[in-house]
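Below: one structure, written as structure tokens.
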């Protein structure tokens, strides 16, 4: 681990015993979702069946229904599109802003820094109603652009704050060398700073992607056509007919909807952790 | 001289996109929300200026007052639980060396998965007819009748706190863990040579050095929890009898579903002074702590 | 800014932005209808088929935007805000007030259809400030759905009055099969509780739609009845029900009575659900009944759907033409048929459709319309009445009193205050 190596002791068995309930608590809902998504309807809705496992034969019917008879594939594609572009916008804008605040001196940089932080006091829960009107009047209602342009309002401040920390740890000499060599600020940023700050950037990409993939409120309010929805809104609003819920497919949708994130963070677990901790500890 | 102005030029250029975004998609909507809230505006039908009438009326409205209480209970309850349990979990994670990645991964899972989707699973777990919790209780002989998880105000409030804690605990645990790991071993060794026992080492070395990290995490989490939407919207829709409504869900119901935009705007604007207050209070607390050291 | 879908075809720019120009015969128009997705998918498919059929003869492409019921209001709001996005919309009764300035007057259509298929049932219910702003479409009726075998097992006959239901409910709950009337934020709750109030001869609003009339002795009687009913016949879970919970309750074999459209029965039939603990099919022991009678009358409410044309549509005449087509006898008949009787038009002639006499479990439909009123009864449906619905004030009032969270008087006072405020707010805008 990082500096200090403080406090890490080899734990006795009791630590593993004590942590077991936490692990169980964390994982049980997923287990339950998987089991429910593989249960046949008769067993699923049978009050006398045992909820913890499948006794009457597992079935892939809910997954098949989800993938062939609902708009789930479209939602998946939409979410991928929105998330990818959100990452591009919010990471690029964040890199630029972070570098400016961390390294450049000019009138208003402090104000800008404070302004970035103040945006957290105006969360989506506050803005969604007027923003819905604005988005609609811009003609973006029911399009992925409504999301691609509004998600960065949350992500740019976060990325800025995250990357500021990384940029500040880069020795000034490296940048000064580049400047003396005739690079302008942008070139310095691209050629010298970014390669060194790559871990931070990977982190920003991961967080931005996760946020966009998981977002619900703006997506709910800005997009209402079935074919345009993202996974979170599609699964929670369209797997019903009037007043009948398709529970098996709902759970299946939940599982498949989570897969990309799980895959991403299995590969990049350390980046997630360092991202979560980076800002807080360096901060 | 030239270097300075090109630095400034670069500076302004670099922050321009972010500034445009923030002014246009945060500042402007905020202004619009303020405008809506001081008028009587319905969808497709702008209305007259009413001054502070909406706020005054809301302050005296039973449902709104209940929402304020709900939000405070929810935020304080959830954040307190996350902080305590997160600390415990972090201490445990410190001691885990085998299967470290696997266990940390499992712990982190609830935080990275889309909340909207995992809330569905919790909803099914609390569902009146099919709740697995009730089933288990009955099977173990602990329950004789079903527990009305989502129909009793206290239980419903507890249920949403449980889901929020389930989701947010990893954030606390992992961040506090990083804070713990960053404490140099020498401090503990020094304390031990001074004759300090385990509890004293914890109190005098661990706690003070983790406090700044804890402070930041608590601050972030308080803001995000107070502004939560997904869990309540999907699991209880504010019920039973409005006992789980948060500002965001009440604003959605009163503003969007019913078309009365000014109402929704006024309700959600109450969040702003609350969040400002939270930030001021917590920053002051953190500063006071570090001042003592 | 215009967000009509681009038509596939000509690579050039010419044919694409048809909606920016006045419809010319050489160009294909696009008509878009936004509605809630139907519980019976075949009904939406039939509507599309009719649209395509009509479109072929009129050089138009007919599109349906079906959104989940809970999101229809938000969708309409977005369309009105943008002044674009659809030509025709499914409105809930009361929307004609909310969107009064944005809807085309349609007395011509109403009169024509009335002559062909009429007379209209209770036409005054649908007018707003004397104007026809939308064409009444269909109702989704709300009977009682119940288990015939369970009722028999406690020695009761089909309840006629609320007191009958109470007596039967008490026995049924004791036998482990409570009654399920939602007292929560759902349509089921809104309609069932209004039915209860009306059957006691009271309502929350007066005939003018403006006077808040909820605070009177008859309301007290109704609330007191529900207090008894909740304690002796129902379980606490009804306080958190959404529209799907009661379906699950009865189909799981738990509830004996629910207030719900025919969706529960249909789902039981379709999924061949069995009675809990046996091999019997549950739909064979399910039936529907008219809502109970109170001291004054028998009453219930329903979802009242209408069709409205947006003023900003570029194809108003074409849409009117489609409506004339849709409201012809053969189309109406198919529309009813494919919905398996779910859609109940407000016209006399189509409601003689054999589908409702063919299945004995649907016989109630013709009769129930006699006792069904719009949610704003006895007042006209307005934006304010829609808000009272959206905030679920009436069920919340009953819930507070039934759980003793508030005294009966306090609960009614609370509801009165909320409704008065909603009316006052709307008044500031419309005067």
Subject >> Debye log10 I(q)/I(0) at q = 0.12, 0.13 Å⁻¹ for chain C, Cα point scatterers >> reply: -1.01, -1.15
**OP:** Give me C:249, A:177 ranked fewest to most by other Cβ atoms within 10 Å of their Cβ, as a rough exposure proxy.
**Re:** A:177, C:249
Subject >> Folded to 0 to 90 degrees: helix A:109-118 orientation relative to chain A principal axis, Cα >> reply: 20
**OP:** Report the calculated FRET efficiency for residue C:207 and residue B:140 (r = Cβ-Cβ distance, R0 = 56 Å), to the nearest 0.05.
**Re:** 0.45
Original post:
Add -39500 (n - 2.57) for each DSSP H run of 4 or more in chain B, then divide by its residues: what number comes out at 222 nm, to the nearest 500 deg cm²/dmol?
Top reply: -23000 deg cm²/dmol
**OP:** Specify whether the C-alpha gyration tensor of the protein assembly as shown places it in the rounded, prolate or oblate class, a ≥ b ≥ c being the square roots of the eigenvalues: rounded for a/c under 1.5, otherwise prolate if a/b is larger than b/c and oblate if not.
**Re:** prolate
**OP:** Just report the Cα centroid separation between the range A:212-227 and the range B:231-284, whole Å.
**Re:** 19
Subject >> Extension gain, residue C:370 back to residue C:329 (0.36 nm per residue minus Cα-Cα distance, nm) >> reply: 12.6 nm
Subject >> Neighbour-count ranking [beta-carbon atoms within 10 angstrom, fewest first] of A:39, A:228 >> reply: A:228, A:39
**OP:** State whether the range C:180-290 is rounded, prolate or oblate according to the following rule on the C-alpha gyration tensor (a ≥ b ≥ c being the square roots of its eigenvalues): a/c under 1.5 gives rounded; otherwise a/b larger than b/c gives prolate, and the remaining case gives oblate.
**Re:** prolate
**OP:** List C:171, C:270, A:229 from most exposed to least, where exposure is judged by having the fewest other Cβ atoms within 10 Å.
**Re:** C:270, C:171, A:229
**OP:** Using just the helices of chain C, give the 222 nm mean residue ellipticity in deg cm²/dmol: DSSP H runs with n ≥ 4 each add -39,500 (n - 2.57), and the total is spread over all residues, rounded to 500.
**Re:** -12500 deg cm²/dmol
**OP:** Could you calculate the FRET efficiency of residue C:272 with residue A:262 from 1/(1 + (r/R0)^6), where r is the beta carbon distance between them and R0 is 41 Å, rounded to 0.05?
**Re:** 0.70
**OP:** Measure nothing but the geometry: give the 0 to 90° angle between the long axis through the Cα atoms of C:408-430 and the longest principal axis through the Cα atoms of chain C, rounded to 10°.
**Re:** 10
Subject >> Relative contact order of chain B, pairs being alpha-carbon contacts under 8 Å that are 6 or more residues apart, as % >> reply: 28
**OP:** With the Cα gyration tensor of the range B:165-293 in hand, give its eigenvalues times 5 under a square root as the equivalent ellipsoid semi-axes, listed largest first in whole angstrom.
**Re:** 42, 16, 10
Subject >> Cα extents of the range C:100-259 along the three principal axes, largest first (Å) >> reply: 56, 36, 28
Subject >> Spacing of the two label points (7 Å from each Cα toward its C-beta) at residue C:148 and residue B:34, in nm >> reply: 6.7
**OP:** With a ≥ b ≥ c taken as the square roots of the eigenvalues of the C-alpha gyration tensor of the range B:59-292, please select rounded if a/c is under 1.5 and otherwise prolate if a/b is larger than b/c or oblate if it is not?
**Re:** oblate
Subject >> Centre separation in Å (Cα based) which lies between the range A:119-140 and the range C:144-217 >> reply: 41
Original post:
Mind listing P(r) for the range C:300-431? All alpha-carbon pairs, 5 Å bins, whole percents.
Top reply: 2, 8, 13, 13, 13, 14, 13, 10, 8, 4, 1, 0
Original post:
If r is the Cβ-Cβ distance from residue A:191 to residue B:23 and R0 is 35 Å, what FRET efficiency results, to the nearest 0.05?
Top reply: 0.70
**OP:** For chain C, find the longest principal axis of its Cα atoms and tell me its angle to the long axis of helix C:107-117, 0 to 90°, nearest 10.
**Re:** 70
Original post:
Just how far, in whole angstrom, is the range B:11-58 from the range A:75-93 if you go by their alpha carbon centroids?
Top reply: 26
**OP:** Enumerate the residues in the range C:249-275 having an amide nitrogen under 17 Å from the point lying 7 Å beyond the Cα of residue C:355 toward its Cβ.
**Re:** C:261-270
**OP:** Would you please state which residues of the range B:32-59 a label at residue C:427 would reach in this model, taking the label point 7 Å out along Cα→Cβ and a backbone N cut-off of under 17 Å?
**Re:** B:40-41, B:48-50, B:53-54, B:57
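Each value in this text was obtained by applying a stated rule to the coordinates, not by laboratory testing. Quick caveat: nothing in here was measured; it's all calculated off a predicted structure. So basically every Cβ, Gly included, is an ideal-geometry build from the backbone, and we count neighbours across all protein chains shown.
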